[in-house]
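S.K.: Here you go, one structure.
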Amino acid sequence: MPRFLHLADVHLGFDRYDCKERTQDFFYAFNDAIEKYAIAERVDFVLIAGDLFEHRNIQPATLNQAQYCLQELQKAGIPVLAIEGNHDNRPYGTKTNWLRYLADWGLLILLEPGDATAEESFYSPWNGRSGAYIDLDCGVRVLGSSWYGTSAPKAIEQIVAAMGKLPPSAGPTILMFHHGLEGQIARYQGALRYADVLPLKQAGVDYLALGHIHKSYSLENWIFNPGSIEANSVEEASYQRGVYLVEINETGIQAELKQDYYQRDVVRLKLSTNGQESVEELEQQAIAQVQQAIQQNRLRPADAPIVELRIDGQVGFDRLELDTRRLQQQLQQLSNALIFLLKYEVDSLAYASHLTEDASRLQIEREVFLDLLTANNSYKKRAAELADGLIALKEQQLEGRSEAELYRFVRDMVLPERLYSVDALESEELS
């Protein structure tokens, strides 16, 4: 009975965090997955349902990674069948890309439908160098497709029509298709409805091998999407994802999601503030949050994980008073994180005192000062006193008092407990 490995969204060359080690993670994940679930399991073939690469234009090191993994499969006698995704498809108007390069070197079979506008056959058989479908020795027919974007529903109509013109298949038929179905993740526009893809099953597709959405899902035991091999963002860390090890036999399709391969840990932490903390207290709470995660073994410094700490809520000080760069560096050192993401998403406390319609200008000024002072933890206990002081300061300035007099007034208002020597006072006035 045919057995195969279905994977997608490898994203070799991933460089979102500008971190060489993180880029390497995607190679390690790909290599480990194929060693464990393709080579060791002696599958008949491997499917890559789009986005082998993160970019259309790749670095030499990324090409080397792809070649190494594909050569290992070649040595094991396991053919690799691939299609383009939205990340690595060939630009409009061009005839080649890096997937075509790998196909020309015999490292994979790139299944590309013909161009109907150029009067090419939509589904021509693989001839050793090009083609859109292939009948494998194990009795499985595999059909390819392209990246269609918003025109996917129209493309499905073309695929169904083209399938009707093909000779009968000796066994099950698989279609690789890089697109997503609705209802799987939030904020994904252009997703296909089940009704859009159902004609494929009616036309003879037994296994729809999807890619594109980085979360694993399956429907009706004929639609399968493994998700990305590695998390492309901290948000994706919570997704079920992996590779499908599949067997098709007389009882149907048995697809098992495999996840036990190299993946870097991603730890997400959250700290909510209530507006009562000082800057120093907030820093200590952030440190304590990371320490607690370490103690609970949720965060293992020895693994050099990716860590996100999201701070939200309200703060009783100007939000810019917190030195986020310095705090991020402290937390990264404490956690030994490969990447530490500090998401500082707070609002400063705001107060709005109720004023009557006939309030005087002096009353309005005082309430404005009170609101500003009350919102700052450093001054709110003395807000009324300081508000009166600021009004008095304004009056003295209007009276034409000297800078030295105004300085002494502010000093005594803000720091009434401080005792100044004559020398210290003279030094301050001269500075």
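The values are calculated or read from the model by the stated rules, or taken from the named source; none is laboratory data. Keep in mind it's a predicted model, so treat the numbers as computed, not measured. All Cβ positions, even for glycine, are placed from backbone atoms using ideal geometry, and neighbour counts span all protein chains on display.
S.K.: Looking only at the stretch 149-200, which residues are of a type in the set (D, E, K, R) and either part of a helix (DSSP H, G or I) or not assigned by TED's automatic domain parsing to the domain that holds S216 (or both)?
M.R.: Scanning the stretch 149-200 gives K154, E157, D196.
S.K.: Next question, about the same structure. Residues of the stretch 312-337 being within 18 Å of V290 (Cβ to Cβ), hydrophobic (A, V, I, L, M, F, W, C) and touching a strand residue (DSSP E or B) at 6+ places or on another chain (Cβ under 6 Å), which ones?
M.R.: Those that are within 18 Å of V290 (Cβ to Cβ), hydrophobic (A, V, I, L, M, F, W, C) and touching a strand residue (DSSP E or B) at 6+ places or on another chain (Cβ under 6 Å): L331, A337.
S.K.: From the list N64, N86, which residue is at pLDDT 95 or above and either part of a helix (DSSP H, G or I) or touching a Phe, Trp or Tyr at 6+ places or on another chain (Cβ under 6 Å) (or both)?
M.R.: From the options N64, N86, the qualifying one is N64.
S.K.: Looking at V197, V205, V243 in this structure, which one is more than 22 Å from L166 (Cβ to Cβ) and touching a residue at least 24 places away in the same chain (Cβ under 8 Å)?
M.R.: V243
S.K.: Can we say E182 is more than 25 Å from the chain's Cα centre (by Cα) and either within 18 Å of P125 (Cβ to Cβ) or of a type outside the set (A, V, I, L, M, F, W, C) (or both)?
M.R.: no
S.K.: Scanning the stretch 222-256 for residues that are among the aromatic types (F, W, Y) and not in a loop (DSSP other than H, G, I, E, B), which turns out surrounded by the most Cβ atoms within 10 Å (Cβ to Cβ)?
M.R.: In this case the residue turns out to be Y244.
S.K.: Same structure, new question: When residues of the stretch 193-210 are filtered for being farther than 20 Å from L7 by Cα and either polar (S, T, N, Q) or under 22 Å from the mean Cα position of the chain (by Cα) (or both), how many remain?
M.R.: The number of residues fulfilling the criteria is 1.
S.K.: To continue, here is another question. When both residues are 6+ apart or on different chains and their Cβ atoms are under 7 Å apart, which pairs have a first residue that lies in the stretch 50-76 and is at negative phi, and a second that is among the charged types (D, E, K, R) and not in a strand (DSSP E or B)?
M.R.: Final answer for the pair search is L52/D88; F53/D88; E54/D15; R56/D88.
S.K.: Ok, one more. Any residue at all in the stretch 87-100 that's at positive phi and among the basic types (K, R)?
M.R.: No, that holds for no residue.
S.K.: Also, I was wondering about something else. Can you run down the residue pairs with Cβ atoms below 9 Å, 6 or more apart or on separate chains, where the first is in the stretch 131-153 and basic (K, R) and the partner is part of a strand (DSSP E or B) and buried (at least 16 other Cβ atoms within 10 Å of the Cβ)?
M.R.: Pairs found: R141/Y133; R141/I134; R141/D135; R141/T173; R141/I174.
S.K.: Shifting gears a bit: Say whether the condition of being assigned to a loop (DSSP other than H, G, I, E, B) and among the acidic types (D, E) is met by at least one residue in the stretch 30-42.
M.R.: yes
S.K.: Answer yes or no: is there a residue in the stretch 156-173 that is surrounded by fewer than 21 Cβ atoms within 10 Å (Cβ to Cβ) and at positive phi.
M.R.: no
S.K.: Which ones in the stretch 1-29 are more than 16 Å from the chain's Cα centre (by Cα), in a helix (DSSP H, G or I) and crowded, with 22+ Cβ neighbours inside 10 Å?
M.R.: Hits for the stretch 1-29 are F27, A29.
S.K.: Which of (1) in contact (Cβ under 8 Å) with a residue 60 or more places away in the chain; (2) charged (D, E, K, R); (3) at positive phi is the odd one out, the single condition E84 does not satisfy?
M.R.: With respect to (1) in contact (Cβ under 8 Å) with a residue 60 or more places away in the chain; (2) charged (D, E, K, R); (3) at positive phi, E84 is out only on (3).
S.K.: Name the pairs whose Cβ atoms lie under 9 Å apart, with the first residue in the stretch 401-429 and at pLDDT 50 or above, the second among the basic types (K, R) and assigned to a loop (DSSP other than H, G, I, E, B), and 6 or more positions between them or separate chains?
M.R.: Within 9 Å, the pairs are F409/R401; R411/R418; D412/R418.
Listed here are the residues, each with its yes/no results for (1) under 25 Å from E112 (Cβ atoms); (2) not aromatic (F, W, Y).
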residue: L5; (1), (2): yes, yes
residue: Q24; (1), (2): no, yes
residue: F30; (1), (2): yes, no
residue: A33; (1), (2): yes, yes
residue: R42; (1), (2): no, yes
residue: L63; (1), (2): yes, yes
residue: Y68; (1), (2): yes, no
residue: I78; (1), (2): yes, yes
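S.K.: So, I364, is that one among the β-branched types (V, I, T), at pLDDT 75 or above, over 30 Å from L271 (Cα atoms) and part of a helix (DSSP H, G or I) or not?
M.R.: no
S.K.: What are the residue pairs meeting all of these: first residue in the stretch 289-311, first residue not assigned by TED's automatic domain parsing to the domain that holds N336 and assigned to a loop (DSSP other than H, G, I, E, B), second residue loosely packed, with under 14 Cβ neighbours inside 10 Å and of a type in the set (V, I, T), Cβ atoms under 6 Å, and 6 or more apart or on different chains?
M.R.: Pairs found: none.
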